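Rule-based calculations on the coordinates, nothing more; no lab input. Source: prediction; values computed, not measured. Reconstructed Cβ throughout: ideal geometry from the backbone, glycine too, with neighbour counts over all protein chains shown.
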Amino acid sequence: MKKGKKKKFFSKETLFKIFKFKVVDFIIIPVVALIIATLILTPKINLVGKKVVVLNYKDSYVEKGAKVRFLGSDITNNLDINSNVDTSKLGEYEVTYKLKGFIIPISKKRVVKVVDSSKPVISLEGDKEVKLCPNKKYEEQGYSALDNVDGDLTKKVVVTAQDNKITYEVKDSSSNISKVTRKLVYEDTESPVINLNGLNEVTYTVGSRFTDPGYSAVDNCDGDITDKVKIEGDVDTNTVGEYTVTYSVSDSASNSASVSRKFKVTNSISPDSGVKKPGVIYLTFDDGPQEGTTNVILDILKEEGVKATFFVTNKGPDYLIKRESDEGHTVALHTATHDYATVYASADSYFNDLQSVHDRVFNITGIDSRIIRFPGGSSNTISRRYSNGIMSYLTTEVLNRGYRYYDWNISSGDAGGTTDPNQVYLNVVNNLSHDRPNMVLCHDIKTHTRDALRNIIKYGKDNGYTFEAITMETYMIRQRVNN
C-alpha cells in the first residue's frame, strides 16, 4: 500500500472561518443581550396628556402627571416633577419628570407654551348708532381699549371715518386685532320743544290787563326758534269765561310741536269774602322750609293730628315742601327772595318774585297756590324806602289777579324779641280768643318755635280750640295798610 500524505481535518481556510465566526459571535451576542436587557430592565416614563400643551395667558395650568412601570410594577411614586410654568408671563416652559433610585438618569419633559390668543376689548362711550342733524359734524363721544396682557391700548386705537360710519381698530403685541364700528345716521326726526313760562292755566280777574306769561321754543338741530312760534286764540279779560291759546312751531325738517294754555277770567275777589270761624286756630309758618326745624314741626303736627299753613320761600329743600303738601297742610306763597329791596322795588318786581315762588310750589306739588302773605305783612312800612304807596296798590291788585292774602292777629314773637320757647308759648296762648278766628304768625326756621309748638297745641286742645289750615274759603285776616 502506497503511503500518502496525512489528510488534515481542517484546512487553513476552514479554521479561519470558524475562528472568525466565533469572534463576531462573541461580540454581537453580548451587545444584543445587553440591549434587550436594558429595554426590559429600564423603567419607562409615560406622560398623561399631551407632550406639548398650549395655554392662554393667565389660564390655569393643571398638571396631569405621568405613569412609570418597572417589571410589571407601578413605581410612579418614585417620580419627581419639576415645573417653572408661569401663565402670567408669555413664553415656553418645561415640566421635567425624573425617576429617583436608578444609576442611569431616567427623565422626560413636557413643553408648556403660554400664548396670548385673546383680542383686545374696545368699548364705545355713547351709542353705537348716533343720530345727527343734517350737515352737522360728528363729535367723538369717546372710546377706550383694554388688553388682557398689554393693558390700556386706548392711545393705539386707529379711528377711521368712512361712508357714515366710524371704525375703531386696535392690535395688541401678540397681533390680536379688534375692530368695532359706530354708525352715523344723518336725519332730524325730533320735534321742537315749546316751553311755557309760568303755568299751563292762568287766572285773571275781569277788567285786568292781559299779558301772556311768555314762551320759548328750541329745536335739537335749529336751536332757538322762538321767533317761529305761531299763536292762535284770544283772551277777553272783560268777559268772564275760559279761553285757550295754542302755541305751534315747525323746524326746518318739518317736525312740528304745539302746546296749549288755558286762561280763566273770573270776577275779582272781595276783600271781605270768606268764612269766619271763631275759636279756630290757624297756625301759620313763614320763611321755610328749613332742615332741622320744619321737618320736626311736621313730625309734631302729624303726631298731634293738626293741619297748618306754610308760607314758603325759594330756600330750603324741595322734599319738605312736598311733604307739607302730601301730609295735608296748605302750602302758601310768601316770597322767593325775602329781599325787601328787590320785592318792593316796583309792582312788576313784586309779581316777578311772587311768580318765582309760585312756580316752585307748582313744580314740586302740582298745586296752583293762590294763598299769599306779603313779606313784612300788608301793614309793613319798610316798603316806603323803595316804592311809595306800593302796598296800597298791591293789596288791591293781588285780589284782582285771583290771590287771597293773609296777615295775622296773633304774633308768637319768634322773629324778634325772644328766643325762649316758653315766651313764644305765652305770646300765643295769652292772646287766643273764642270770639274770632286766631291767625297765629310763626316761623318754621326758628328752633324756639319748634320747641314751643307741642305745648301750644296741647293748650289749644285742652281749652276747646280747633285747628285748621287756611283755604281759599277762609276769611282774610288783614291789617291796616300803611304805605
>> What number does the stretch 238-390 give for Rg over Rh if you use C-alpha atoms and the Kirkwood radius?
In response: 1.05
> Which order, highest average first, do 114-121, 415-422 follow once you tally other Cβ atoms within 10 Å for each residue and take the mean per peptide?
Replying inline: 114-121, 415-422
>> For a bin width of 10 Å, list the pair-distance distribution of the stretch 280-467 built from all Cα-Cα distances, rounded to whole %.
In response: 9, 37, 36, 17, 1
>> Quick check: pseudo-label points 7 Å beyond the Cα along Cα→Cβ at Leu47 and Tyr319, how many nm apart are they?
In response: 6.6
> How far, in degrees from 0 to 90, does helix 347-365 lean away from the longest principal axis of the Cα atoms of the chain, to the nearest 10?
Replying inline: 50
>> Quick check: the angle from helix 294-304's long axis to the longest principal axis of the chain, C-alpha only, nearest 10 degrees?
In response: 70
> Using the eigenvalues of the Cα gyration tensor, what equivalent ellipsoid semi-axes result for the stretch 44-115 when each is taken as the square root of five times the eigenvalue, whole Å, largest first?
Replying inline: 26, 11, 9
> What does the highest-first list of 349-355, 57-63 look like by mean Cβ count within 10 Å?
Replying inline: 349-355, 57-63
> Once the piece of chain linking Asn400 and Arg69 is laid out straight, how much longer is it, given 0.36 nm per residue of separation minus the C-alpha distance between them?
Replying inline: 108.1 nm
> Spin-label point model (7 Å from Cα, Cβ direction): what's the Val54 to Gln479 distance in nm?
Replying inline: 9.2
> All other residues with a Cβ under 10 Å from the Cβ of Pro375 taken together, and with Lys, Arg as +1 and Asp, Glu as -1, what is their net charge?
Replying inline: -3
> Taking K and R as +1 and D and E as -1, what net charge do the other residues with C-beta under 12 Å from the C-beta of Tyr247 add up to?
Replying inline: +1
>> Could you compute how fast the stretch 226-272 diffuses translationally, taking Rh as the Kirkwood radius over C-alpha pairs and applying Stokes-Einstein at 4 °C with viscosity 1.567 mPa s? Give it in µm² per second.
In response: 101
> Given the Cα-Cα distance of Asn195 and Glu232 and 0.36 nm per residue of separation, how much length would full extension add, in nm?
Replying inline: 11.7 nm
> So what is the relative contact order of the chain, in percent, for Cα pairs below 8 Å that sit 6 or more residues apart?
Replying inline: 11
> Could you list, bin by bin from short to long, the percent of Cα-Cα pairs of the chain in 10 Å steps?
Replying inline: 3, 12, 14, 11, 9, 8, 8, 7, 6, 5, 4, 3, 2, 2, 2, 1, 1, 0, 0, 0
> Can you pick out the pairs among Lys136/Lys183; Lys302/Lys461; Lys277/Lys315; Lys58/Lys171 whose Cα atoms lie more than 22 Å from each other?
Replying inline: Lys277/Lys315
> Which residues does a label at Lys100 reach in the stretch 69-86, if reach means a backbone N under 20 Å from a point 7 Å past the Cα toward the Cβ?
Replying inline: 69-71, 73-84
>> Multiplying the sequence separation of Leu184 and Asp224 by 0.36 nm and subtracting their Cα-Cα distance, what value in nm do you get?
In response: 12.0 nm
>> Using square roots of five times the C-alpha gyration tensor eigenvalues, list the equivalent-ellipsoid semi-axes of the stretch 193-266 in whole Å, biggest first.
In response: 28, 10, 9
> To the nearest Å, what is the center-to-center distance of the stretch 199-251 and the stretch 407-483, using C-alpha atoms only?
Replying inline: 42
> Taking the stretch 121-186 on its own, what percent of its Cα-Cα pair distances exceed 13 Å?
Replying inline: 62
